[in-house]
Each structure stands twice: as structure tokens, then as C-alpha cells.
1. In the structure displayed, which of Lys106/Lys148; Lys36/Lys157; Lys119/Lys157 lie more than 25 Å apart, Cα to Cα?
2. Tabulate in residue order the Karplus-calculated ³J(HN,Hα) for region 35-40, using 6.51 cos²θ - 1.76 cosθ + 1.60 with θ = phi - 60°, rounded to whole Hz; enter x for Gly and Pro.
3. What residues of region 115-157 lie in the reach of a label at Asn74, counting those whose backbone N is under 16 Å from a point 7 Å from the Cα along Cα→Cβ?
Amino acid sequence: MITIVLVLIAAAPFALYFWHEHKVSTPSLQWPVLAKLLNMTCEDDPPRMHGNWNGRRVAFEAAPAGATVTVWLNAATRLRVECGPIERVTRRAGIVLPDPVEPLDKTFRDKLRARCSEKAAGPTVFDVALQQRLAALPAVDFIGQGAKVTWTVPAVKDIDSVEALLGALCAVADGLESFPQGGTAPRA
């Protein structure tokens with residue numbers, strides 16, 4: 001009897017750890033909590049949450065590779081940008097996008113690659129502050145064009161990582177809005 005109690009006591013921390021990991025890795029369990037903290041609406045089947053964050057419309061949707069996060073621009077842009085791991089962005093590159101944006105941050109240069117449909121606009125959209133912010137994130141893979149930026153992340157688990165992700169995504173959206181569709185010069 002004592003052996004059973006000791007085994008249960010020893011197994012309790014492992015069980016709590018695995019339950020916690022399951023809960024934060026399952027959108028239908030974790031996203032309602034995050035939606036309340038972010039003041040967003042959460043829906044079930046399929047799991048998704050949406051609302052406004054810092055004046056921008058945002059949405060999270062469950063995806064096979066984790067989650068897709070979308071931030072809408074307040075005005076459509078004429079640019080197409082993408083940023084992600086060097087290998088992935090290089091593999092996706094084609095005729096549509098020119099050479100990569102020249103990285104200003106060493107950590108960004110070692111980890112990520114950014115491309116922009118207008119080479120001269122790249123340094124404005126991907127300034128050094130944004131490069132540092134993106135390099136600090138564990139997973140970066142987004143494409144921005146038209147009126148939105150879409151980012152695929154492995155998981156949306158905690159409020160700190162969600163706020164860091166949304167902050168970076170909104171900074172990208174701010175940069176894209178500097179190049180409005182049909183315009184020729186960046187907005188001040």
C-alpha cells in the first residue's frame with residue numbers, strides 16, 4: 001500500500017507537467033484563456049480567435065502546422081514581403097521577388113531572410129529594430145501582401161509569446177502601410 005502511495009506521489013509532478021503541456025498545446029483548451037487576456041472573441045469548431053489588438057484587426061486559426069495568425073492592414077500595400085528561415089525563403093523564391101533585403105542585424109542575418117517586391121522598400125519595412133525583434137522570436141515565417149500579413153507559427157501557447165508575435169506582426173504591417181497600393185513614394 002505504501003509503495004502505491006509513493007508511486008502516485010512520485011508520478012504526480014509528471015502527470016501535472018504532461019497535463020499542462022497538453023492544455024497549452026491544444027487550441028480548444030488554451031485559446032479561450034488567451035482570448036480573455038487579449039480581449040478577443042474565441043470560437044470552437046474549428047478553434048479560432050479574433051478581435052482587435054493595438055488598433056488592428058487580428059485573427060488566429062488552427063492550422064495543420066500549428067496556427068495561422070493574420071493581421072490586416074488599414075490600407076492595402078503595393079508590396080509583397082516575406083520573411084522566414086533562410087532555407088525556406090530561398091526555396092520559395094521565384095521571379096516575383098528580387099534579391100533578399102540586406103540584413104543590418106547579425107542575429108537576423110544568421111537566422112532569417114527577408115525579401116521585398118521593391119528592393120528599395122526593403123530597408124524601410126525591415127529596419128534594424130524590426131530585424132532585432134524578429135531575430136528574438138523562436139519561429140518566423142510570414143508573407144505580407146495586399147491588405148494583410150499572414151504568419152504561420154508552430155503553436156500559440158502563452159500570453160507573452162502571443163504579444164511578442166503580434167507586436168512584430170503589427171510592426172511589419174506599419175512598414176507595409178508606408179507603401180500604399182497605387183502610390184509611388186512612402187508615406188511619412
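Since every read-out is calculated from the coordinates, none of them should be taken as a lab result. Please read all numbers here as calculations on a predicted model, not as lab measurements. All Cβ positions, even for glycine, are placed from backbone atoms using ideal geometry, and neighbour counts span all protein chains on display.
1. Distance filter (> 25 Å) returns Lys106/Lys148; Lys119/Lys157.
2. Whole-Hz 3J(HN,Hα) from phi for region 35-40: 4, 5, 5, 8, 6, 10.
3. 147-149
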